[in-house]
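For reference, the structure is listed below as structure tokens.
The values are calculated or read from the model by the stated rules, or taken from the named source; none is laboratory data. Keep in mind that what you see is a predicted model, and the values were worked out from it rather than measured. Here the Cβ is made from the backbone with ideal geometry for all residues, glycine too, and neighbour counts use every protein chain on show. In case anyone asks, the SASA skips ligands and DNA or RNA and just uses the protein heavy atoms, side chains included. Shrake-Rupley method; radii C 1.70, N 1.55, O 1.52, S 1.80 Å.
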Amino acid sequence: MKRTGLLIIALGLACGCAAESPNRSPADLLADLDEVEATTVMDAPSSVPGTYAPENRDLVERGEYMVELLGCGACHTNGALVGDPDMERSLAGSDTGIAYTSPMGDGHPGVVYPPNITPDPETGIGDWSDRQIANAIRAGIGRHGSRRITTMPWQGYARLSDDDVDAIVRYLRSVRPVVHRVPDAVVPGTRAQAPFVYFGVYRSKN
Ligand code: HEC
């Protein structure tokens with residue numbers, strides 16, 4: 001597949017275009033892709049003892065149960081999207097991204113990388129307030145603020161009760177902080193430097 005990539009870059013240079021040609025054939029696109037089976041069910045990491053008050057134990061355990069059921073780790077754990085989750089760094093973010101525009105349209109799709117949601121203050125959500133974390137989960141408001149979080153199914157989490165979100169937040173604060181920074185998001189039309197997967201259903205026109 002390197003050949004197509006080089007060819008497209010060469011065309012871009014020859015015509016002085018800033019972007020690579022968007023007209024990649026389905027065969028080119030398919031040659032670029034491997035079929036993988038994502039890991040969708042996985043254990044959530046255990047809480048670290050002493051990170052919460054003993055009277056909150058039930059709440060934190062409920063948070064763990066919900067994070068497991070809601071499949072947060074399936075995106076936010078490195079390798080899970082391609083079927084090989086790194087359980088040592090569970091919830092610490094994924095170096096495999098998720099495309100959010102059509103593979104057929106832009107030549108190269110926009111890609112987001114599920115961030116680190118362990119309590120590391122630098123690379124995770126350790127310095128986020130409870131409200132910021134709750135808003136990310138229920139309203140899709142991310143660290144960039146200006147646009148809604150893409151590809152994470154926050155619409156499906158919007159109806160979580162305050163108590164349930166509180167449980168999730170307390171649980172996320174109780175797991176081991178892992179230092180891991182995920183790649184920056186990639187805008188549509190730009191070639192991503194780190195791998196990504198496509199989700200989605202494409203409807204035939206007839
Ligand atoms: C289908 C994949 C997917 C699932 C499932 C998912 N997320 Fe996300 N999440 C993402 C992506 C991708 C982003 C960043 C998107 C963006 O910046 O546009 C994100 C962003 C976040 C953020 C904001 C963090 C930051 O640094 O910007 C939090 C907090 C978060 N998710 C928590 C959760 C929790 C808790 C769950 C489970 C209840 C969950 N996510 C389930 C993919 C997912």
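Restricting region 70-114 to residues that are among the β-branched types (Val, Ile, Thr) and open to solvent by less than 10 Å² (accessible area, probe 1.4 Å), which is nearest to the ligand (Cβ to nearest atom)? Residue satisfying both the conditions and the ranking: ILE98.
Residue by residue, here is whether (1) of a type in the set (Phe, Trp, Tyr); (2) surrounded by 19 or more Cβ atoms within 10 Å (Cβ to Cβ); (3) touching a residue at least 40 places away in the same chain (Cβ under 8 Å) holds:
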site: THR118; (1), (2), (3): no, yes, yes
site: THR123; (1), (2), (3): no, no, yes
site: ARG143; (1), (2), (3): no, no, no
site: PRO153; (1), (2), (3): no, no, no
site: ALA158; (1), (2), (3): no, no, no
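Evaluating ALA134 against the criteria (1) modelled with pLDDT of 95 or more; (2) touching a strand residue (DSSP E or B) at 6+ places or on another chain (Cβ under 6 Å) leaves one unmet condition, (2).
Listed residues ILE125, ILE133, ILE117; which is near the ligand (Cβ under 7 Å from one of its atoms) and part of a helix (DSSP H, G or I)?
Working: ILE125 fails: part of a helix (DSSP H, G or I); ILE117 fails: part of a helix (DSSP H, G or I).
After ruling out the rest, the residue left standing is ILE133.
In this structure, ARG173 does satisfy being away from the ligand (no atom under 11 Å from the Cβ), of a type in the set (Lys, Arg), within 18 Å of SER90 (Cα to Cα) and outside any loop (DSSP other than H, G, I, E, B). Within region 44-57, the presence of at least one residue that is in a helix (DSSP H, G or I), open to solvent by 60 Å² or more (accessible area, probe 1.4 Å), of a type in the set (Asp, Glu) and more than 15 Å from the ligand (Cβ to nearest atom) is confirmed.
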